[in-house]
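First the structure, in the form of structure tokens, and then the observations on it.
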Amino acid sequence: MGPGDAGDPAVNDVDVIRVAGDARLAGTVHVVGAKNSALKLMAAALLAPGRTVITNVPRITDIAIMGEVLRRLGCEVRFEADDPVDPMVAGGGTARSRSVVIDVPERPGTEADYDLVRRLRASICVLGPLLARRGYVRVAHPGGDAIGSRGLDMHIAGLARMGADISGEHGFVIAAAPQGLHGAEIVLDFPSVGATENLVMAAVLARGVTVIDNAAREPEIVDICTMLNQMGARISGAGSSMLRIVGVPELHPVRHATVGDRIVAGTWAFGAAMTRGDVTVTGIDPVFLEVALDKLVSAGALVETRGDAFRIRADDRPAAVDVVTLPYPGFATDLLPMAIGLASVSDGASLITENIFDGRFMFANEMMRLGADIKTDGHHAVVRGRDRLSGAPVRATDIRAGAGLIIAGLCADGVTEVSHVHHVDRGYPDFAADLRALGVEVERGTVPQAPDLTI
């Protein structure tokens, strides 16, 4: 049995997506529920015994992992087909979204194991609801994308103010509140989405009133607060920087539809502008992308918005624009790879500043393999645009970097092969199929991974 055979532990196949350059995105693409919301809605189901149904859930790897996290906590989890949308629209039909049915027991488990948590950072969001329900929880320190430091300090400090005793051992966070949690005034050092979600889910069953100042304002926060209020919680201020939660004795299960994915929608918006295309994106409130769409207008694209859809059309090479990532409603850090892609083919030089994660520029070297002119310095990158990029083999380092590299490949001469696209699968339901429906020559396959020769 030679190298590359199934029995060789040093060589594994990796998934790749190959796209032909000189492409133009054109057509309509439907965006389903947001990954960053659906995962947390699934965790919120733990707060009420009985059957909760969450619809418009994206068919992605991370959702499957969260389903397994809940199963190991004693829940019954199954996936069902959503009602189909127009199958003639890219991303349409039941293949991209589904419903998740979660039957929560009276006494869910209290431990989230490392083997799953390391694969999905979002699984740390079971900390708040389990502590509220059971008074004790043991959760492994999370993994997730390699995009920089994302500590749990604000989660822990907020829960401690609500009366929890927090400790750590052997890679686990252990939280106990045998007498239950109580309301508290909490001021976050930074409007952390994860900390806001965990604290809200803990506070809904706490005694008294909890106030969270400098809370995250993302649409996904509003979505989880909406679902919790449907379950019987008393939360006010969702969408603002001040949340007020009046604790209630118990919640009940509900049926709730996940809000549309603004990051996936933004990916297609930037792709349309970069390829001088014409794309209509449905299933998303354009208000969620107000800053990003305004940047595309500044770059020369024409933007039309209506209801739950928007259209992007670009006839000329984009003009260079500067971008600064900030917490919502600022420019989303998850769209930074797409902003760098736009800058790489723009007319002029762009300054891109990343204020959220210290590792977002890790993928810049892969962009440079495509011929992009990028110079990074700490949290800043100067990108000088080129008329065309050059196709090359590159590697996805995280979800959004992978999508950004694929979109950049559409603006290159020749074929671009992006490997390790299992990262992309964690955030985009069948990305290759959507590209194909929008007019791209694309194929997905596997290639052998070179063995690790590190000594």
Identify, please: which residue in segment 215-237 is on the phi < 0 side of the Ramachandran plot and more than 21 Å from the chain's Cα centre (by Cα) and is, among those, surrounded by the most Cβ atoms within 10 Å (Cβ to Cβ)? A233
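Each row is one residue, and each column tells you yes or no for (1) among the charged types (D, E, K, R); (2) closer than 20 Å to R134 by Cβ.
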| residue | (1), (2) |
| --- | --- |
| A23 | no, no |
| T28 | no, no |
| V31 | no, no |
| L41 | no, yes |
| A44 | no, yes |
| P49 | no, yes |
| T55 | no, no |
| D62 | yes, no |
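So, in segment 294-331, exactly how many residues are among the basic types (K, R) and surrounded by 20 or more Cβ atoms within 10 Å (Cβ to Cβ)?
Just the residues of segment 294-331 that are among the basic types (K, R), to begin with: 295, 306, 311, 313, 317.
With surrounded by 20 or more Cβ atoms within 10 Å (Cβ to Cβ) added as a condition, the list becomes 295.
Qualifying residue count for the region: 1.
Given D430, D413, which one is in contact (Cβ under 8 Å) with a residue 60 or more places away in the chain, over 23 Å from N355 (Cα atoms) and under 25 Å from the mean Cα position of the chain (by Cα)? Break it down into steps so the answer makes sense when it comes.
Values: D413 fails: under 25 Å from the mean Cα position of the chain (by Cα).
The conditions single out D430.
Look at V100 and say whether it is part of a helix (DSSP H, G or I), among the β-branched types (V, I, T), closer than 18 Å to L228 by Cα and modelled with pLDDT of 80 or more. Before you say what the answer is, go through the steps one by one.
Details: part of a helix (DSSP H, G or I): no; among the β-branched types (V, I, T): yes; closer than 18 Å to L228 by Cα: yes; modelled with pLDDT of 80 or more: yes.
Taking the combined requirement at face value, the residue does not satisfy it.
Tally the residues that are among the aromatic types (F, W, Y) and within 22 Å of the chain's Cα centre (by Cα), restricting the search to segment 169-214.
Initial filter on segment 169-214 (among the aromatic types (F, W, Y)): 172, 190.
Of the ones still in play, those that are also within 22 Å of the chain's Cα centre (by Cα) are 190.
Residues flagged as among the aromatic types (F, W, Y) and within 22 Å of the chain's Cα centre (by Cα) within segment 169-214 amount to 1.
Which residue, of Q179, Q230, is farther than 23 Å from Y428 by Cβ, modelled with pLDDT under 95 and either assigned by TED's automatic domain parsing to the domain that holds G109 or not basic (K, R) (or both)? First the steps, then the outcome.
On the way: Q230 fails: modelled with pLDDT under 95.
The match here is Q179.
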For R138, work out the one condition from (1) of a type outside the set (A, V, I, L, M, F, W, C); (2) assigned to a loop (DSSP other than H, G, I, E, B); (3) out of contact with any Pro (no Cβ under 9 Å at 6 or more places or on another chain); (4) modelled with pLDDT of 90 or more it doesn't fulfil. (2)
Pairs returned, first residue in segment 173-191 that is under 19 Å from E111 (Cα atoms), second residue that is assigned to a strand (DSSP E or B) and of a type in the set (A, V, I, L, M), beta-carbon separation under 6 angstrom, 6 or more apart or interchain, are V173/V139; A175/V137; A175/I166
Going by the conditions given, is D373 out of contact with any His (no Cβ under 8 Å at 6 or more places or on another chain), among the acidic types (D, E) and within 20 Å of M274 (Cβ to Cβ)? yes
Inspect segment 383-396 for any residue being touching a helix residue (DSSP H, G or I) at 6+ places or on another chain (Cβ under 6 Å) and assigned to a helix (DSSP H, G or I) and give the result as yes or no. no
Quick test of your reading of the structure: V345 fulfils all but one of (1) touching a residue at least 60 places away in the same chain (Cβ under 8 Å); (2) of a type outside the set (K, R); (3) under 28 Å from S241 (Cα atoms). Name the failing condition by number. (3)
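With respect to T376, determine if the residue is more than 28 Å from I63 (Cα to Cα), assigned by TED's automatic domain parsing to the domain that holds D278, surrounded by fewer than 19 Cβ atoms within 10 Å (Cβ to Cβ) and touching a helix residue (DSSP H, G or I) at 6+ places or on another chain (Cβ under 9 Å). Lay out the reasoning, then the answer.
Numbers: more than 28 Å from I63 (Cα to Cα): yes; assigned by TED's automatic domain parsing to the domain that holds D278: yes; surrounded by fewer than 19 Cβ atoms within 10 Å (Cβ to Cβ): yes; touching a helix residue (DSSP H, G or I) at 6+ places or on another chain (Cβ under 9 Å): yes.
The answer is yes for T376.
The values are calculated or read from the model by the stated rules, or taken from the named source; none is laboratory data. These numbers come from a predicted model, not from an experiment. All Cβ positions, glycine included, derive from the backbone under ideal geometry; neighbour counts span all protein chains shown.
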